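Here's the structure we're looking at; comments come further down.
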Amino acid sequence: MTARNISRFWEWGRKIICVGRNYADHAKELKNAIPTEPVLFLKPPTAYVKEGSPILVPLYTSNLHHEVELGVVIGKGGTAIPQSAAMEHVAGYALCLDMTARDIQDECKSKGLPWTMAKAFNTSCPVSEFIPKERIPDPGNVSLWLKVNDQLRQSGCTSQMIFSIPYLISYISDFITLEEGDLILTGTPKGVSAVQEHDELQAGIEDIVMMNFRVDRPEQ
Ligand SMILES: O=C([O-])CC(=O)C(=O)O
Ligand SMILES: [Mg+2]
């Protein structure tokens with residue numbers, strides 16, 4: 001058997017842990033309170049989609065939103081990782097979209113139900129190529145952007161995060177053991193908006209990485 005390569009982490013079947021409301025400007029645009037502790041939810045590894053394949057709009061939503069986010073790829077697992085050692089557990093990064101069925105999420109929120117149908121469906125986690133750790137020396141200060149059909153919709157900087165990457169790694173690992181190949185989505189800045197079938201999404205991290213996805217409807 002050939003050794004697994006972390007640069008293809010999305011094939012490993014590991015978990016995707018997502019942080020919500022980690023940017024005050026996005027919490028505000030959805031009229032959510034600024035959190036005092038990280039808001040967490042999960043996506044299954046079946047949510048991954050890579051460039052070349054489309055983002056599929058679930059048939060049950062009429063308001064699918066993009067959320068551009070910095071993803072942190074875990075290289076060394078651990079439980080109860082102290083903040084001071086957190087970055088030693090990072091193998092690299094990926095640019096990610098946390099695709100969200102906003103109408104379903106709103107319904108779940110109002111009923112006090114979990115967000116699974118809104119966040120964890122097939123193709124809800126488009127990811128870029130793997131970015132080795134050395135290429136982003138300061139992950140707490142990089143700019144992310146997203147365009148829909150060439151129009152800029154999101155533009156933010158990871159310096160605006162409420163909870164830092166070391167804090168998140170430490171916080172999460174206190175109760176969910178992190179494993180090599182896990183991905184942490186660190187939350188989205190403001191500017192989320194709806195996408196439609198045939199839209200072209202383009203997103204990037206400065207001049208470090210860029211990715212393109214088309215939106216489509218699943219075959220019925
Ligand atoms: O759906 C939301 O607003 C929460 C979330 O994922 C984020 O802030 O990135
Ligand atoms: Mg998100």
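The values are calculated or read from the model by the stated rules, or taken from the named source; none is laboratory data. Everything numeric in this text was worked out from a predicted model, so none of it was measured. Note that each Cβ is placed from the backbone with ideal geometry, even for glycine, and that neighbours are counted across all protein chains shown.
Quick check on my filter: what residues within segment 152-194 are among the β-branched types (V, I, T) and part of a helix (DSSP H, G or I)?
Pass one, segment 152-194, residues among the β-branched types (V, I, T): 158, 162, 165, 169, 172, 176-177, 184, 186, 188, 192.
Those that are among the β-branched types (V, I, T) and part of a helix (DSSP H, G or I): T158, I165, I169, I172.
When segment 139-151 is filtered for residues that are in contact (Cβ under 8 Å) with a residue 24 or more places away in the chain, closer than 16 Å to S193 by Cβ and part of a strand (DSSP E or B), the ones remaining, listed by number, are L144, W145, L146, K147, V148.
Has segment 99-108 got at least one residue that is touching a strand residue (DSSP E or B) at 6+ places or on another chain (Cβ under 7 Å), of a type in the set (A, V, I, L, M, F, W, C) and under 22 Å from P54 (Cβ atoms)? Yes - at least one qualifying residue is present in segment 99-108. When the criteria are applied in full, E197 meets the requirement of being in a loop (DSSP other than H, G, I, E, B), of a type in the set (D, E) and surrounded by fewer than 17 Cβ atoms within 10 Å (Cβ to Cβ).
Here segment 139-162 is the region considered, the condition is being among the charged types (D, E, K, R) and within 17 Å of the chain's Cα centre (by Cα), and the residue that is surrounded by the most Cβ atoms within 10 Å (Cβ to Cβ) is R153. Scanning segment 1-54 for residues that are of a type in the set (S, T, N, Q) and within 16 Å of ligand 1 (Cβ to nearest atom), we see that the one that is nearest to M99 (Cα to Cα) is N22.
Has segment 43-63 got any residue that is surrounded by fewer than 21 Cβ atoms within 10 Å (Cβ to Cβ), modelled with pLDDT of 95 or more and under 23 Å from D138 (Cα atoms)? No, segment 43-63 contains no residue that is surrounded by fewer than 21 Cβ atoms within 10 Å (Cβ to Cβ), modelled with pLDDT of 95 or more and under 23 Å from D138 (Cα atoms).
Please tell me if T46 is hydroxyl-bearing (S, T, Y) and closer than 23 Å to I176 by Cβ. It is true that T46 is hydroxyl-bearing (S, T, Y) and closer than 23 Å to I176 by Cβ. Picking from residues in segment 74-114 that are assigned to a loop (DSSP other than H, G, I, E, B) and surrounded by 19 or more Cβ atoms within 10 Å (Cβ to Cβ), the one that is farthest from ligand 2 (Cβ to nearest atom) is I81.
A single entry from V90, V68, V57 fulfils the requirement of being under 18 Å from the mean Cα position of the chain (by Cα) and either among the acidic types (D, E) or within 14 Å of ligand 1 (Cβ to nearest atom) (or both): V68.
Restricting attention to segment 163-194, the residues being away from ligand 2 (no atom under 16 Å from the Cβ) and at positive phi number 1. Considered as a group, the residues in segment 117-138 that are outside any loop (DSSP other than H, G, I, E, B) and exposed (fewer than 15 other Cβ atoms within 10 Å of the Cβ) include one that is nearest to the chain's Cα centre (by Cα), and that residue is P132.
K133 meets each of the listed conditions (1) within 16 Å of ligand 2 (Cβ to nearest atom); (2) more than 16 Å from P44 (Cα to Cα) apart from (1).
Collect the residues in segment 8-66 that are assigned to a loop (DSSP other than H, G, I, E, B), within 13 Å of ligand 2 (Cβ to nearest atom) and of a type in the set (A, V, I, L, M), keeping them in residue-number order. The one that is assigned to a loop (DSSP other than H, G, I, E, B), within 13 Å of ligand 2 (Cβ to nearest atom) and of a type in the set (A, V, I, L, M): L30.
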